[in-house]
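Read through the structure below, which is laid out as structure tokens, and then see the notes.
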Amino acid sequence: MAVIKDAPGSAKKGSGVMGKKPGQSGVGLKPGGEDSFFVGMSEDDRKEYLMNMTDAALLTGEVGEIDVTDNDRRRIAVFSNGVCAIATNSRWSPDVKAVLVKAKRVNVEPRYFLEVDTAFMVDLYEHFDKSYGMDDPDNDVPEVERQRKLKDLISLAASRKASDIHMRVLRRYTEVKIRVFGRVQEVGSMPPDEGMAVMQAAFSVASDVGENSSVMSFQQGALNMKSGVLPPGVDMLRLQYSPTSENRGALVARLKFSTPANEVEIDTLGYNDDQIRDIISFRRRTNGLYILAGKVSSGKTTTLQRTLNKMYLEKNKEISMFTIEEPVELELPGAIQCPVKKKPDGTDGFVEAMKSALRSDPNIIVVGEIRSKETAYLAIQAVMTGHALWSTVHAGYALGILDRLTDLGVESWKLEDPGIVRGLIYQRLCGVICKKCRTTMNQALERGRVSSELVEQMVHIFGKDADHLYARGKGCSECKLGLASRTVVAETVPTDPELLSLYSKGKRREMFQYWVKPVEEGGLGGRPVMHHALTKVGAGLLDIDEVEEEVDLVSEYIKNFSNLIPRLQQDVAELEATMA
Ligand SMILES: [Zn+2]
């Protein structure tokens, strides 16, 4: 039995999808009118099928009957048997529609649509049309056109609430992707020259561009409102360009959406009640060091901005706040905000600004990020002279912030002083799975999406069967790739003398045990970020795969925190009660 029913009789016998064993299930190629898409076949099957069509002619090739542009060729390939390969997300593009109309004019009825990625599209043309090349040397894109393309791309990314745009110029085309809810997806492609031109267009309107600005060197910059290319709702676009081989390059552009200063509450961001209580206790004080850690796009800026604005209101606007950022990102109507620039000698410029801040009679100092020993020294100095200082560092967990401060040269006796380091926050953002298209863990197991070992671990820690645990679905009309929004997973540590003393004595194990030990038993009652993330997995909000990727492995949690499992089940039940 052929798996592809009614398929054009062109696939090579014994290979590709046709070659599957009799009885094996699969979705066939059935003519279903212009709108039929064969998503049921796996991507590999689609590719193998296309590559093995032996008696079909490529009508959109160099010598084909249908006259198309190079740009069209990156999106669609039409074959004489009615099969069309279409690049990801291009099915409804006007260019593709126009090619389909042309196909009908030469009496070809496009009936079988197979979606493939752009890279494969190029391979497909090479395979069927050996003489065809993608490089077109006389492709000089005018400046106005470049700006328009740049603007369109940013608008597209903004409309999908993307956090980043990734462009990579390859030999035959430029790959364009965006990251939405943490997941990267392809949105299109353009010729290599055009890709380079759009990247250069971005830097031509950027501020803060470094000295060196050739395609051969690393470059950074930021686009602000003045650039004229940002759509409403986007405040800034940070650019990072990396040169790759053969004078090509790659650009990652990070979108910063407007976060109105009048949004000051943190209770909708995803923290649990204990974490909210901790953060409130941090912001009440006008002394001490408070540090947030988490990777880029972990929601740190949002938390910091809301906390500081709320603090300003709670203190009746009677405090003075001074920020030192590179560049200024926080929307703080009550603060004096100093942008910091890298200096020619390579120092980060924070030191000078810090000294100036200390002479400016502040109550609260905010340092965008502590990344040099000098800044760390001055930050501690500021706290020891009676100020509150908020900042961020790179660390992989809340207590790891202490290690980072040690690396930055902060002496152990300072870290042991409970009057200095008072509050630590570590967080990540995880995608909330769409309720409409989510699947049960049992279904995910049947589809081979998760291992039976992982399902067993989940059943064990949650005390629920796999029909009441959920995984991210494929995506539907109400979500993006199975995700509906994002939520914070975090751990907060209000420090105390015992904890800091254990740290400075190097008793790490005891320190962690003391932190997670219940308050009734004399500990701090802390719960690690993995516990918070798992609480949301148990309540059907997060996908276990993403949590394992972004936070930690379930097996590690079981190994290190098995005593927290009863608490986990209780936390899941409480969270579910608030969701009901
Ligand atoms: Zn959905």
Review point. Can you name every residue in region 148-164 that is farther than 15 Å from Leu239 by Cβ and part of a helix (DSSP H, G or I)?
Key: Arg148, Lys149, Asp152, Ser155, Leu156, Ala158, Ser159
Practice item. Would you point out which residue out of Asp267, Asp274 is open to solvent by 30 Å² or more (accessible area, probe 1.4 Å) and touching a helix residue (DSSP H, G or I) at 6+ places or on another chain (Cβ under 6 Å)? Key: Asp267
Check your understanding: Hey, among the residues in region 462-481 that are touching a residue at least 60 places away in the same chain (Cβ under 8 Å) and under 21 Å from the mean Cα position of the chain (by Cα), which one's farthest from Val184 (Cα to Cα)?
Key -> Ala471
Check your understanding: Which one is farthest from the ligand (Cβ to nearest atom), of the residues in region 411-440 that are free of Cβ contacts under 8 Å to residues at least 60 places away in the same chain and touching a strand residue (DSSP E or B) at 6+ places or on another chain (Cβ under 7 Å)?
Key -> Thr440
Practice item. With the checklist (1) within 27 Å of the chain's Cα centre (by Cα); (2) under 17 Å from Val459 (Cβ atoms); (3) crowded, with 17+ Cβ neighbours inside 10 Å in hand, flag the one item Asp545 doesn't pass. Key: (3)
**Study point:** In region 473-510, the residues that are in a loop (DSSP other than H, G, I, E, B) and within 16 Å of the ligand (Cβ to nearest atom)
**Key:** Gly473, Lys474, Gly475, Cys476, Ser477, Glu478, Cys479, Leu481, Gly482
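This table checks each residue for (1) at pLDDT 85 or above; (2) under 24 Å from Ile178 (Cα atoms); (3) open to solvent by less than 50 Å² (accessible area, probe 1.4 Å).
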residue: Lys47; (1), (2), (3): yes, yes, yes
residue: Ala56; (1), (2), (3): no, no, yes
residue: Leu59; (1), (2), (3): yes, no, yes
residue: Ile66; (1), (2), (3): yes, no, yes
residue: Thr69; (1), (2), (3): yes, no, no
residue: Asp72; (1), (2), (3): yes, yes, yes
residue: Phe79; (1), (2), (3): yes, no, yes
residue: Leu100; (1), (2), (3): yes, no, yes
residue: Val108; (1), (2), (3): no, no, yes
Practice item. Please tell me if Ala379 is within 16 Å of the ligand (Cβ to nearest atom), assigned to a helix (DSSP H, G or I) and either open to solvent by 60 Å² or more (accessible area, probe 1.4 Å) or of a type in the set (A, V, I, L, M) (or both). Key: no
Check your understanding: For region 407-441, what are the residues that are open to solvent by 50 Å² or more (accessible area, probe 1.4 Å), within 25 Å of Gly270 (Cβ to Cβ) and touching a helix residue (DSSP H, G or I) at 6+ places or on another chain (Cβ under 8 Å)?
Key -> Arg422
Check your understanding: In region 463-472, which residue that is under 18 Å from Arg438 (Cα atoms) and either assigned to a loop (DSSP other than H, G, I, E, B) or among the aromatic types (Phe, Trp, Tyr) (or both) is nearest to the ligand (Cβ to nearest atom)?
Key -> Arg472
Review point. For region 439-462, what are the residues that are touching a Leu at 6+ places or on another chain (Cβ under 9 Å) and in a loop (DSSP other than H, G, I, E, B)?
Key: Ser451
**Study point:** Single residue of region 442-461 satisfying the filter (without any contact (Cβ under 8 Å) to a residue 40 or more places away in the chain and open to solvent by less than 20 Å² (accessible area, probe 1.4 Å)) that is nearest to the ligand (Cβ to nearest atom)
**Key:** Ala444
Study note, to complete from the structure: Picked from region 66-94 (must be over 18 Å from Tyr112 (Cβ atoms) and in a loop (DSSP other than H, G, I, E, B)), the residue farthest from the chain's Cα centre (by Cα) is Asp67
Exercise for review: Evaluate region 487-510: report whether one residue or more is touching a Gly at 6+ places or on another chain (Cβ under 6 Å) and of a type in the set (Lys, Arg).
Suggested key: no
Practice item. Kindly provide the set of residues from region 475-488 that are among the basic types (Lys, Arg) and either crowded, with 20+ Cβ neighbours inside 10 Å or at pLDDT 90 or above (or both), ordered by number. Key: Arg486
Practice item. Any residue in region 487-504 that's closer than 30 Å to Val180 by Cα: show its pairings with residues that are open to solvent by 30 Å² or more (accessible area, probe 1.4 Å) and polar (S, T, N, Q) at Cβ separation under 9 Å, as long as the two are six or more apart or on different chains. Key: Val488/Thr302; Ala490/Asn272
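The values are calculated or read from the model by the stated rules, or taken from the named source; none is laboratory data. Every value quoted in this text rests on a predicted model; they were computed, and no experiment measured them. FYI the Cβ positions are ideal-geometry reconstructions off the backbone, even for glycines, and counts take in every protein chain you see. Side chains are part of the model used for accessible areas, which takes the heavy atoms of the whole protein and leaves out ligands, DNA and RNA. Shrake-Rupley method; radii C 1.70, N 1.55, O 1.52, S 1.80 Å.
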